[in-house]
1. Taking the stretch 296-318 on its own, how many of its residues are in contact with a helix residue (DSSP H, G or I) (Cβ under 9 Å, 6 or more places away or on another chain) and small (Gly, Ala, Ser)?
2. Has the stretch 55-70 got at least one residue that is assigned by TED's automatic domain parsing to the domain that holds GLU170, modelled with pLDDT under 55, assigned to a loop (DSSP other than H, G, I, E, B) and over 30 Å from GLY218 (Cα atoms)?
3. Can you report the number of residues in the stretch 353-370 which are modelled with pLDDT under 85 and part of a helix (DSSP H, G or I)?
4. Pick from the stretch 217-232 the residues that are touching a Pro at 6+ places or on another chain (Cβ under 9 Å) and closer than 30 Å to GLY291 by Cα: which of them is surrounded by the most Cβ atoms within 10 Å (Cβ to Cβ)?
5. Check off (1) hydroxyl-bearing (Ser, Thr, Tyr); (2) over 25 Å from GLU365 (Cβ atoms); (3) at pLDDT 95 or above for TYR232 and give me the number that stays unchecked.
6. Hey, could you check the stretch 371-418 for residues that are more than 22 Å from ASP327 (Cβ to Cβ), assigned to a loop (DSSP other than H, G, I, E, B) and of a type in the set (Gly, Ala, Ser) and say which is modelled with the highest pLDDT?
7. For the stretch 224-252, how many residues meet the condition of being of a type in the set (Gly, Ala, Ser), over 16 Å from ARG325 (Cβ atoms) and touching a Phe, Trp or Tyr at 6+ places or on another chain (Cβ under 7 Å)?
Amino acid sequence: MRRALTVAVVALVLLSGCSGVTDGGGTASPDGDTSDTATPATTDAELPPTATPVTTTSIEPVETPTTDYSDPENVAITIENGQVPYDQNRTWVRVLDMLDVNTETPTEVEYIRGRGGVAGSATGIGSVYLDSKDESVLAHEFTHVALLRLTPEHPTSSADETFARDAIVEGSAEYVQRVYAARYLDREGALDGGELPNDPARAYVIAPYVLGYDYVDGQVNDASEVLGLHRYPPDTSEAIIHGLEPGSEPPAPLFVTAADRHLSTDAEWRYDGTRALGEIALLLTLRTRLGDERAAEGAAGWGNDGVLTMVDGDDGEQAFVWVQRWDDRENASQFVTVGGEYVASDPPFAPPGDGGNLGNLPQPEFLETVWGPTDKTFEVQRVGPLTTALVVGPEGFAGDVSYERDGQRVRVSVGDGDSEGEESED
């Protein structure tokens with residue numbers, strides 16, 4: 001029996017969210033829905049760069065369809081109001097064959113022109129939106145449909161973990177797209193890696209594709225192994241960047257909060273939460289003022305982090321204390337050195353991105369501050385043997401910041417108080 005499927009070709013703009021990173025923190029509730037993904041239209045220079053893992057919990061079995069959807073006789077994807085210059089049914093069958101999976105065909109495909117740099121998007125329920133007649137792009141989106149349907153949802157507890165999850169989702173589709181282009185479209189260089197753009201906001205959005213592709217390419221030997229990464233993904237951007245096995249290097253213990261007096265609603269400086277951004281955010285931050293190599297040296301040895309936000313009780317101005325936990329003293333000292341160079345370097349002359357990209361960031365106010373022009377001052381501080389901080393705030397703010405350390409906990413004060421306590425190296 002041939003199952004009918006409509007692919008609508010329409011000239012309208014459909015707002016479909018990409019698998020962007022959401023706010024998360026040490027005590028935040030899980031938030032990381034990746035059931036809707038978007039593929040940005042990239043230049044060759046931006047095309048797919050590398051990973052750490054998610055705890056392997058029990059995976060609910062996925063019901064296997066009784067119909068074989070890799071059989072062309074069971075696939076009937078039609079196109080309305082337009083055409084694509086290839087057989088879309090064949091593309092679907094090829095993707096299932098490459099992934100070595102069987103799942104129901106997409107429920108909807110729409111060809112949409114003018115999506116603002118997005119070549120396509122897909123959802124786990126089977127909706128596909130396309131703004132490109134490139135067959136490999138449809139293979140990318142079909143990969144999303146198949147893998148998202150076969151993968152239980154992985155709630156995430158931080159922006160860093162969500163980034164890692166996004167990198168697997170997009171990196172897997174990039175991997176299949178590139179293998180598809182090389183195998184079926186005879187494209188030379190289709191499997192070559194790519195580079196991140198200089199603009200940090202754009203780089204953050206592109207990184208799951210670029211770094212995710214490199215990670216997947218380093219972890220699998222064939223597209224049939226991609227589903228395993230989807231089911232047991234890494235959980236930090238550190239893993240993605242350095243190609244670490246899922247679960248091999250979990251984040252170091254770190255809990256960043258404010259002194260009790262900052263919890264009051266009428267405090268001079270009011271605590272407004274802590275969010276873990278991960279090595280990717282630190283790398284891109286250093287990269288705004290330093291070269292790629294020096295930025296990588298400064299971010300190497302990342303163990304964990306937390307950006308603590310303070311709000312001035314009088315005028316609502318924000319200030320930030322970005323605490324980093326390092327793998328060892330040498331890495332902590334290296335960051336102090338490289339961070340000092342970052343602070344002393346000229347800041348960017350133009351705001352990052354086009355403004356729209358900032359909405360996809362895990363903490364847009366903070367990252368807009370550190371990535372673009374600002375009148376705030378920056379200072380790198382050594383908090384303990386394994387702990388440092390980048391303090392960003394109005395003139396004099398950094399001098400008023402002090403820390404109380406107790407093992408994995410760092411309590412930040414602004415105003416009265418001196419740094420005290422001993423930090424464990426555990």
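1. First pass over the stretch 296-318, keeping only residues in contact with a helix residue (DSSP H, G or I) (Cβ under 9 Å, 6 or more places away or on another chain): 296-305, 307, 309-310, 318.
Among the residues that remain, those that are also small (Gly, Ala, Ser) are: 296, 298-301, 303.
Qualifying residue count for the region: 6.
2. Step one: filter the stretch 55-70 for residues assigned by TED's automatic domain parsing to the domain that holds GLU170, giving 55-70.
So of that shortlist, the ones also modelled with pLDDT under 55 come out as 55-61.
Retained after the next criterion (residues that are assigned to a loop (DSSP other than H, G, I, E, B)): 55-61.
If we keep only those that are over 30 Å from GLY218 (Cα atoms) as well, we get none.
The answer is no, given that none of the residues of the stretch 55-70 is assigned by TED's automatic domain parsing to the domain that holds GLU170, modelled with pLDDT under 55, assigned to a loop (DSSP other than H, G, I, E, B) and over 30 Å from GLY218 (Cα atoms).
3. Residues of the stretch 353-370 modelled with pLDDT under 85: 353-364.
With part of a helix (DSSP H, G or I) added as a condition, the list becomes 357-360, 364.
Selection size over the stretch 353-370: 5.
4. Step one: filter the stretch 217-232 for residues touching a Pro at 6+ places or on another chain (Cβ under 9 Å), giving 217, 219, 229, 231-232.
Next, from what is left, pick out any that are closer than 30 Å to GLY291 by Cα: 217, 219.
Details: ASP217: 19, GLN219: 22.
Going through the qualifying residues, I end up with GLN219.
5. (3)
6. GLY396
7. 1
Okay, residues lined up against (1) outside any helix (DSSP H, G or I); (2) under 18 Å from THR162 (Cα atoms); (3) small (Gly, Ala, Ser):
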site: ASP186; (1), (2), (3): yes, no, no
site: GLY194; (1), (2), (3): yes, no, yes
site: VAL205; (1), (2), (3): no, yes, no
site: VAL210; (1), (2), (3): no, yes, no
site: ASP217; (1), (2), (3): no, no, no
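The values are calculated or read from the model by the stated rules, or taken from the named source; none is laboratory data. Because the structure is predicted, anything quoted here is derived from the model rather than measured. Positions of Cβ are backbone-derived with ideal geometry, glycine not excepted, and every protein chain shown enters the neighbour counts.
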